[in-house]
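The values are calculated or read from the model by the stated rules, or taken from the named source; none is laboratory data. Bear in mind the structure is a predicted one, so any value in this text is a computation, not a measurement. Glycine gets a Cβ as well: all are built from the backbone with ideal geometry, and neighbour counts include every protein chain shown. Heads up: the accessible areas ignore ligands, DNA and RNA and are worked out on the full protein's heavy atoms, side chains in. Shrake-Rupley method; radii C 1.70, N 1.55, O 1.52, S 1.80 Å.
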Amino acid sequence: MVQAWYWDGAAGDPRRPHRAQPSRPVSLEQLRRLGILYWKLDPDKYENDLELEKIRRERNYSWMDIITICEEKLPDYEEKIKMFYEEHLHLDDEIRYVLDGSGYFDVRDDEDRWIRIFVEKGDLITLPAGIYHRFTVDEQNYVKAMRLFVGQPVWTAYNRPADHLEARKQYLTFLAQSA
Ligand code: KMT
Ligand code: NI
């Protein structure tokens, strides 16, 4: 089960859990209302997994690669880590399947509060186009993830504010309807 909670808003190392106190957990149902999709899969058989193939076929997640985020393996590590944690949106869904390690996706809820989603080995998560979000590794400093994409990937991140973009407007329309 995916673990998610409201972020505490405290300064300091983003790699720490930053759980609001008292804790305010967030359910899968709440995440779904924000347009976030989640599956739990067996990451040890990702190269030959019918369940994964089915999801990819049904949702047209045709493109994929694998990224390893750790200081030794990722070129320009510090710079990329900083970019991942800048609040931004994309024109397309951000789809990640965690094969090893773990980290945090922070997403804005419908009242602009940060929800922190802990993703670990076996978690496949889709953040909808137009949602403001950011990512950080946790204190393990290590995550290996499959990046999936509908068609040819476009990695452009639009840092906030990006409210003029059509993807943002469409997402806000979606939010209003799903409330
Ligand atoms: C991104 O775009 O934020 C990343 O690829 C990092 C997260 S991968 C679990
Ligand atoms: Ni992103």
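From the helices alone, meaning DSSP H stretches of at least four residues, give me the mean residue ellipticity at 222 nm for the chain, per-run term -39500 (n - 2.57), in deg cm²/dmol to the nearest 500. Kindly include the intermediate steps, with their values, before the conclusion.
On the way: 4 runs with 36 residues, N = 179.
My calculation for the chain gives -5500 deg cm²/dmol from helical runs alone.
Apply the a/c threshold of 1.5 to the C-alpha gyration tensor of region 20-77 and tell me whether it is rounded, prolate or oblate. Don't jump to the answer; show the numbers that get you there.
Numbers: a/c = 2.16, a/b = 1.16, b/c = 1.86.
Since a/c reaches 1.5 but b/c is at least a/b, the shape of region 20-77 is classed as oblate.
Taking a probe of 1.4 angstrom, what is the accessible area of ARG24 in Å², to the nearest 10?
110 Å²
So, in nm, how far is label GLU139 from label ASN48 when the simple model puts each one 7 Å beyond its Cα toward the Cβ?
Here the answer is 3.9 nm between the modelled labels.
Please arrange TYR142, TYR61 by accessible surface area, largest first, computed with a 1.4 Å probe and ligands excluded.
Descending accessible area places them as TYR142, TYR61.
What pairs from LYS144/LYS169; LYS54/LYS121; LYS121/LYS169; LYS80/LYS144; LYS45/LYS80; LYS54/LYS80 go past 21 Å between their alpha carbons?
On the way: LYS144/LYS169 32 Å; LYS54/LYS121 19 Å; LYS121/LYS169 33 Å; LYS80/LYS144 15 Å; LYS45/LYS80 28 Å; LYS54/LYS80 32 Å.
Listed pairs above 21 Å: LYS144/LYS169; LYS121/LYS169; LYS45/LYS80; LYS54/LYS80.
Please report the spacing between the Cα centers of region 23-101 and region 111-168 in Å, no decimals.
7 Å
Could you look at the chain and say what percent of its accessible area is carbon and sulfur, using a 1.4 Å probe and all protein chains?
That share works out to 49 percent.
Cα gyration tensor of region 97-167, axes a ≥ b ≥ c as square roots of the eigenvalues: rounded (a/c below 1.5), prolate (a/b > b/c) or oblate?
oblate
Send over the per residue convex hull volume for region 80-129, Cα only, as a whole number of Å³. Numbers along the way, then the final one.
Working: hull volume 4.3 nm³, N = 50.
Measuring per residue, one finds 87 Å³ for the Cα hull of region 80-129.
When the solvent-accessible surface of protein heavy atoms is calculated with a 1.4 angstrom probe, in what order do TYR104, TYR38 fall, highest first? Before the final figure, lay out each step's value.
Numbers: TYR104 15, TYR38 40 Å².
Ranked from most to least accessible, the order is TYR38, TYR104.
Using a Förster distance of 22 angstrom, determine the FRET efficiency expected from the C-beta separation of GLN21 and ARG113, and round it to 0.05.
Plugging the Cβ-Cβ distance into 1/(1 + (r/R0)^6) gives 0.90.
Counting only C-alpha contacts under 8 Å and six or more residues apart, can you give the relative contact order of the chain as a whole percent?
For the chain, the relative contact order is 30 percent.
Net charge near TRP5: determine it from the other residues with C-beta under 12 Å of the C-beta of TRP5, scoring Lys and Arg +1 and Asp and Glu -1. Intermediate results must be reported in sequence, preceding the final value.
Numbers: positive: ARG19, ARG24, ARG113, ARG116; negative: ASP8, ASP106, ASP109.
Within the 12 Å Cβ shell, the charges total +1.
Express in nm, to one decimal, how much length is gained between MET83 and GLU29 on full extension, taking 0.36 nm for each residue of separation and deducting their alpha carbon distance.
16.5 nm
Give me the distance in nm between label points sitting 7 Å out from Cα along the Cα-to-Cβ direction at LEU74 and ASP13, one decimal.
Result: 1.7 nm between the two label points.
ASP42 accessible area, nearest 10 Å², 1.4 Å probe?
It works out to around 70 Å².
If each of GLU58 and VAL154 carries a label point 7 Å out from its Cα toward its Cβ, how far apart are those two points in nm?
For the pair GLU58/VAL154, the computed spacing is 2.7 nm.
Show MET146, MET83, MET64 ordered by accessible area, largest first, where the area counts protein heavy atoms only and the probe is 1.4 Å.
On the way: MET146 0, MET83 110, MET64 75 Å².
Sorted by accessible area, descending: MET83, MET64, MET146.
At a probe size of 1.4 Å, how large is the accessible area of ASP8, to the nearest 10 Å²?
Rounded to the nearest 10, that gives 60 Å².
When each pair of different Cα atoms in the chain is counted once in the 1/r mean, what is the Kirkwood radius in angstroms, to one decimal?
It is 16.7 Å.
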